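Just below is one structure, and these are the notes that go with it.
What follows draws every value from the coordinates through simple rules; no lab data is involved. Just so it is clear, the structure is predicted and the values come from calculations on it, not from any experiment. Backbone-built Cβ (ideal geometry, glycine too); neighbour counts: all protein chains shown.
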Amino acid sequence: MIKDNKITKLIKLDKPLVIFDIESTGLSVSLDRIIEIAYLKIMPNGVASKGDVFLNPEMGIPAEVTELHGITDEQVKDQPTFREKAQDFWAIFNDCYYGGFNIANFDLPMLRREFLRVGMGFDYAAAKIIDSKTIYHHMEPRTLSAAYKFYCGKDHEEAHSALGDVEATAEILGQQLDQYSEIRDWDYIYKIHHASDGRYVDNERKFFWRNGQAHFSFSKYKGQPLAEVVKQDPGFLRWIMSADFSQETKDIIKNALNGELPKKA
């Protein structure tokens, strides 16, 4: 047990707060499974407990996902399933506040889906979520004025004046070049601007990799292989080509319709 937690000194809790993180077999809430749950449960009186549980997902872990978090099939094959641990997890998570980094968009929906698979109606409301990523982006806006204040130590007096914005941007760049020597190298700049999450096929994250194949992360075919949709519903793909999607998405669809599916490097 951990006592005298700082969080309970700064925020009033009338029920426990569970701060947690999930690792999974992939990004699809409907298809993928949890393989690790780490948590810190803080009681209103400040006493806290923590745990880190590995689970057998009852499915293979794609190689590209193992590359990301390092968890292999071999490591989890003898671990309990979520069904076997469901009552324990219910005791930890039911009727609490929930904290984490980006939990609103991924961890909580994934946990809810696992509970539903075993017939347990885990539910949560937005009022119960304390998402540190959301708070971070709200409290530290990613705007030109905020960047000018951060790098140059001054208020951007001519915000939204085109020339004023240009001059502020030039001043910011000068400060960045002075502060980060590595960005004086064009190769490093290229790497920054082309950095991407290896789980996704494209920059817009419309498709993700699973076992080396591109899968939809949007639309009615979310979680389905692009190759299968080419065979089963090419009309849907042609609709994407005529709709308001980015050129990158359309290029992927066009190539797929021509028999050229994305290949993982």
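The relative contact order of segment 6-136 comes to 26 percent, based on Cα pairs under 8 Å that sit 6 or more residues apart. Cβ-to-Cβ counts within 10 Å put 98, 180 in ascending order as 180, 98, the fewest first.
May I ask you to order 99-110, 39-50, 132-143 by the average number of other C-beta atoms within 10 Å around their residues, highest value first?
99-110, 39-50, 132-143
Under the criterion of Cα pairs below 8 Å and six or more residues apart, the relative contact order for the chain equals 14 percent.
With q set to 0.29, 0.30 Å⁻¹, the log10 of I(q)/I(0) for segment 207-257, from the Debye formula over equal scatterers at the Cα positions, is -1.33, -1.40. Within the same chain, aspartates and glutamates fewer than 8 places from residue 231 are excluded, and of the rest, those with a Cα less than 17 Å from its Cα are 260.
With contributions of -39500 (n - 2.57) from each DSSP H run of at least four residues, the per-residue ellipticity at 222 nm computed over the chain stands at -11500 deg cm²/dmol. Shape summary: the chain maps onto an equivalent ellipsoid whose semi-axes, from the alpha-carbon gyration tensor, are 35, 32, 18 Å in decreasing order.
With all pairs of separate Cα atoms included, segment 8-161 yields a Kirkwood hydrodynamic radius of 17.6 Å. Among the listed pairs 77/254; 50/128; 41/77; 77/264; 50/149; 6/133, which have their C-alpha atoms separated by more than 29 angstrom in this model? Flagged as over cut-off: 77/254; 50/149.
For segment 91-164, what's the relative contact order in percent, using C-alpha pairs closer than 8 Å and at least 6 residues apart? Please report the intermediate quantities before stating the final value.
Details: 45 pairs, mean separation 22.7, N = 74.
In percent, rounded to a whole number, it is 31.
According to the calculation over all Cα-Cα pairs in segment 144-193, the P(r) per 10 Å bin from zero is 26, 45, 26, 2 %.
Please give me the summed charge of the neighbours of residue 214: other residues whose Cβ is under 10 Å from its Cβ, Lys and Arg +1, Asp and Glu -1.
On the way: positive: 206, 210, 263, 264; negative: 202.
Cβ neighbours under 10 Å give a net charge of +3.
Ranked by how many other Cβ atoms sit within 10 Å of their own Cβ, fewest first, the residues 78, 21 fall in the order 78, 21.
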